[in-house]
1. Simple spin-label model, 7 Å along Cα-to-Cβ: Arg76 to Phe206 in nm?
2. In nm, give the distance between the simple-model label positions of Leu270 and Phe216, each being 7 Å from the Cα along the Cα-to-Cβ direction.
3. Ignoring any ligand, DNA or RNA, what whole percent of the accessible area of the range 152-214 comes from carbon and sulfur when the probe is 1.4 angstrom?
4. Quick one: of Lys33/Lys176; Lys107/Lys298; Lys129/Lys298; Lys123/Lys176, which pairs are farther than 20 Å apart, Cα to Cα?
5. Sort 23-34, 118-129 by the packing proxy (mean of other Cβ within 10 Å over each peptide's residues), most packed first.
6. Using 0.36 nm per residue of separation minus the Cα-Cα distance, give me the extension gain between Lys131 and Cys68 in nm, one decimal.
7. What are the ³J(HN,Hα) values, in whole Hz, obtained from phi via the Karplus relation 6.51 cos²θ - 1.76 cosθ + 1.60 with θ = phi - 60°, for each residue of the range 80-89 in sequence order, with x given for Gly and Pro?
8. Using label points projected 7 Å from each Cα along Cα→Cβ, tell me how many nm separate Arg12 and Glu304, to one decimal.
Amino acid sequence: MTRQLFGFSANRRIVGGLLVNLFSSICIVFINKWIYVHYGFPNMTLTLIHFVVTWLGLYICQKMDIFCPKSLPVRRIMWLALSFCGFVAFTNLSLQNNSIGTYQLAKVMTTPVIILIQTTYYKKTFSTKIKLTLVPITLGVILNSYYDVRFNLLGMVFATLGVLVTSLYQVWVGAKQHELQVNSMQLLYYQAPLSSAVLLGIIPLFEPLAGDGGIFGPWSLTALVAVLFSGVVAFLVNLSIYWIIGNTSAVTYNMFGHFKFCITLIGGYLLFHDPLSLNQALGILCTLAGILSYTHFKLLEQEEGKSRLAQKP
């Protein structure tokens, strides 16, 4: 009975984490796109603000005794911090230079890249059924975007780099949590300021500091409020990514991301008037079918694993 209650409580926490990630991830896409389209706020500076607000949020959390910081050597998390910078910067640049449909189409390729990385370098195995669920998801995304997605060269470069760096980042998040024996908040607490320092040294090379388009430019109050709100939502996104990957897996997080893809595409249609044809609607259904299939097979594998453990003397 106690085991059942513990399992139910754990499932509730996982569902809660997924819901926080769902709403915050969808919100951050639209608020960032709004900031780029209506205010022209510089991308890397916006990314830096996200990092700083994330660290401030975690600092407040540790002062409220929500978690206890754990001392970590900088050299052990440097590559993670660098990949974090690339992950956020390249995905934001992809969003800035592409339509929401193109941006989401590129992100969906993260899952097969993660499976390739984990299979090649971490010797992790995936069942044939799990691999086959990528087929309807990929077909659904292609069908979704075939008629209205228009790639431009610069946007395609940013999207490709974003997929590669994001895949590495998400794999390393789970690996580092296990390697360093830390939870999501403890790892992000040290990694966020380190990423901020790296980005702070790079920004002056690519973006102006003053004048039009600079961080100290003549921004309106509404633009500053939108940027601050974007930072708060980014804190929730970053924290929930770490928490979900640490408590499930990078592949599960990405499969859940495909569900967000469908919702974001509909939101793009409603807010930014992206076209949504019958073929796109069929693509959404196809993608959802793949996600449901993955969830079904993953749950079956977990139950089989528990049964095998229970049968051992």
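1. If labels sit at Arg76 and Phe206, their model points lie 2.9 nm apart.
2. With each label placed 7 Å out from Cα toward Cβ, I get 4.2 nm.
3. 73
4. Pairs exceeding the cut-off: Lys33/Lys176; Lys107/Lys298.
5. Result, highest mean first: 23-34, 118-129.
6. 18.8 nm
7. Rounded to whole hertz, the list is 5, 5, 5, 5, 5, 4, x, 4, 6, 5.
8. 3.1
The values are calculated or read from the model by the stated rules, or taken from the named source; none is laboratory data. Please read these numbers as outputs of a predicted model, since none were measured by experiment. A quick note on method: Cβ atoms are made from the backbone with ideal geometry, for glycine too, and the neighbour counts reach across all protein chains shown. Just so you know, the surface numbers come from the protein's heavy atoms only, side chains and all, with ligands and any DNA or RNA stripped out. Shrake-Rupley method; radii C 1.70, N 1.55, O 1.52, S 1.80 Å.
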